[in-house]
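Written below as structure tokens is the structure these notes are about.
The values are calculated or read from the model by the stated rules, or taken from the named source; none is laboratory data. None of the values given here were measured: they were computed from a predicted structure. Backbone-built Cβ (ideal geometry, glycine too); neighbour counts: all protein chains shown.
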Amino acid sequence: MNNNKIIRLHLEKKMFELCNNTGVREIWKDIFSLDNNTLFVKLDNSDYPTNLNNMIRWLSHKIEHRLEVGKQTYLEDVPITAAECEEHNRDNLEEAIEELLDLLVYLSAVLLSDKDIVVRELLEKQLDSLLFSAFTLAVSYKITQQRLTKEVTKWVKTF
């Protein structure tokens with residue numbers, strides 16, 4: 001099984017776990033109406049239902065497409081192991097932060113635009129959540145870099 005398939009299957013599993021997590025479902029109730037496996041977004045006195053299983057399939061298909069685009073760009077699957085990352089000079093955590101920052105920029109541009117966005121309030125909440133994720137990832141990355149620096153310093157001192 002190739003790395004991209006492993007990643008897609010991992011994300012599908014995580015999406016199913018998320019959708020079945022009672023804590024997440026409680027949070028969603030503050031944002032959506034939730035009935036069994038269907039989320040309802042109310043706009044202009046109309047409900048827009050989304051079946052969670054269909055959403056997982058749709059997201060999985062989109063992820064698979066993005067992995068293919070990446071494979072065409074880099075001519076390889078996403079590296080997973082430390083050896084693969086080193087061999088291809090890739091740092092997945094650093095790349096994740098870069099991609100998240102791109103997401104923050106594009107979402108902010110949507111929110112700052114003069115377009116009529118019917119889900120603006122929902123997108124504002126999402127931006128806050130993504131900013132929280134950006135801080136968390138940045139702290140994780142900085143800690144990783146500091147540990148590596150300490151290990152290299154210890155290694156250099158032994159010589």
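So is D77 over 22 Å from L127 (Cβ atoms), over 19 Å from the mean Cα position of the chain (by Cα) and outside any helix (DSSP H, G or I) or not? Even if it seems obvious, please write down each step before you answer.
On the way: over 22 Å from L127 (Cβ atoms): yes; over 19 Å from the mean Cα position of the chain (by Cα): no; outside any helix (DSSP H, G or I): yes.
For D77, the condition - over 22 Å from L127 (Cβ atoms), over 19 Å from the mean Cα position of the chain (by Cα) and outside any helix (DSSP H, G or I) - is not met.
Of everything in segment 68-105, what is among the hydroxyl-bearing types (S, T, Y) and closer than 23 Å to S140 by Cα? Give them in sequence order. Before you say what the answer is, go through the steps one by one.
Restricting attention to segment 68-105, the residues satisfying the condition of being among the hydroxyl-bearing types (S, T, Y) are 73-74, 81.
Answer for segment 68-105, where residues must be among the hydroxyl-bearing types (S, T, Y) and closer than 23 Å to S140 by Cα: just T81.
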Qualifying residue in segment 52-62 (condition: at pLDDT 90 or above, within 28 Å of N3 (Cβ to Cβ) and exposed (fewer than 10 other Cβ atoms within 10 Å of the Cβ)): no
Pair list, Cβ < 7 Å and 6+ apart or interchain, from segment 85-113 residues that are closer than 26 Å to L123 by Cβ and modelled with pLDDT under 95 to residues that are of a type in the set (A, V, I, L, M, F, W, C) and outside any helix (DSSP H, G or I): V110/I117
Residue that is farthest from I31 (Cα to Cα), among those in segment 94-129 that are in a loop (DSSP other than H, G, I, E, B) and charged (D, E, K, R): D114
Residues of segment 130-159 classified as modelled with pLDDT under 85 and assigned to a helix (DSSP H, G or I), total: 14
Cβ pairs under 6 Å, 6+ apart, first in segment 53-72 and within 15 Å of K14 (Cα to Cα), second of a type in the set (A, V, I, L, M, F, W, C): I56/M15; I63/L11
Tally, over segment 38-48, of residues that are at pLDDT below 80, over 19 Å from Q126 (Cα atoms) and surrounded by 11 or more Cβ atoms within 10 Å (Cβ to Cβ): 1
Matching residues, segment 29-73, being within 20 Å of the chain's Cα centre (by Cα), within 24 Å of V118 (Cβ to Cβ) and among the acidic types (D, E): none
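Could you tell me whether any residue of segment 20-28 is surrounded by 14 or more Cβ atoms within 10 Å (Cβ to Cβ), under 18 Å from the mean Cα position of the chain (by Cα) and not hydroxyl-bearing (S, T, Y)? Steps first, please.
At the first step, the residues of segment 20-28 found to be surrounded by 14 or more Cβ atoms within 10 Å (Cβ to Cβ) are 25, 28.
Then keep just the ones that are under 18 Å from the mean Cα position of the chain (by Cα); that gives 28.
Going one step further and asking which of them are not hydroxyl-bearing (S, T, Y), we end up with 28.
Yes; the residues of segment 20-28 include at least one that is surrounded by 14 or more Cβ atoms within 10 Å (Cβ to Cβ), under 18 Å from the mean Cα position of the chain (by Cα) and not hydroxyl-bearing (S, T, Y).
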